[in-house]
Amino acid sequence: MSASIAMAESSRSGGHALLDGAQTAWDMLSEEQMQKPITTGCEELDTILGGGIQCKAVTEIGGIPGIGKTQLGIQLAVNVQIPVQYGGLGGKAVYIDTEGSFMVERAHQIIEGCIADLFENFEHRKQSLVCPDILQPNSFLANIFYFRICSYTEQIAAVNYLEKFLEEHQDVNIIVVDSITFHFRRDFDDLAMRTRVLGGMSSKLMRFAKKHNLAVVLLNQVTTKFVDGSFQLTLALGDSWSHACTNRIILYWNGNERHAYIDKSPSLRSASAPFQVTSKGIRNVTSNCKRVRMM
């Protein structure tokens, strides 16, 4: 009897270890349809993303310096806390900062903008929705768990530590890594080893997303790549890294406007939408004409 036949016979006779955790495609679809995304704060960007950043998925967001990656990362760490009564998840955030770009003063501004928008949009119902104490800047700040990472070894250790941390904090609904790239580009000379380490890290983050029903957002830098006789901008860490995420979003300038483009997704159409960075955070472009462009 061959090994494969023996394994099949073992399963039929009661050895079900290989099938533990199996679920039907119908169950998967039902879970996906019930899952609420995390709004970006920009309606047009939410539209092309199917409502916002998806949970149970790893989303990579890349672009040149100054395009708004960190602003979007902080915005998501705030918006994940929007109470359920206001259409949000009512969750908490983990923010892993490898570059020192997270500024608590900016987070406070974005929180104030978020709260102001909630009161404006739900003004006629705010008394009956939630206790006003919940919608306070200090409450939002207290729900962002911040990790400052100063080396790639600390980054590896932090991801490993998340296994225990997430078990103890079941209400975390997003992990933002800003950026996944920084220490691995500067301090890691062995490219083959770097690929293996990053692959292991991405696998763990994907497992966390699925197991704990949360969104993982990886901010990435850009580099140059020689293509067809010229250098072009591309996201860092090479082609192999592009398979580490579920969705890939590229932020870029179109004239004086910031745009987001869905470069890769198993479920979303390629599309681009404008957004702007305001004092309140990520918002719609102030224009009457609709500029969502489907590819």
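List of remarks:
- Note on residue 153: accessible area approximately 80 square angstrom, rounded to 10, probe 1.4 Å, nucleic acids and ligands left out.
- Protein heavy-atom accessible surface, 1.4 Å probe, per residue over the stretch 136-222: 45 Å².
- Here residue 203 and residue 23 are evaluated by their C-beta separation; at R0 = 25 Å the FRET efficiency comes out at 0.80.
- At the residue level, residue 123 shows approximately 120 square angstrom of accessible surface with a 1.4 angstrom probe and all protein chains present.
- In this rough spin-label picture, where each label sits 7 Å from Cα along the Cβ direction, the residue 186-residue 213 distance is 3.8 nm.
- Estimated distance in nm for a label pair at residue 276 and residue 43, the labels positioned 7 Å out from Cα along Cα-to-Cβ: 1.5 nm
- Ordering of 209-215, 179-185 by packing [mean C-beta count within 10 Å, highest first]: 179-185, 209-215
The values are calculated or read from the model by the stated rules, or taken from the named source; none is laboratory data. As the structure is a prediction and not an experimental result, all values here were calculated from the model. With ideal geometry, Cβ positions are generated from the backbone for all residues, glycine too; neighbour counts draw on all protein chains shown. Just so you know, the surface numbers come from the protein's heavy atoms only, side chains and all, with ligands and any DNA or RNA stripped out. Shrake-Rupley method; radii C 1.70, N 1.55, O 1.52, S 1.80 Å.
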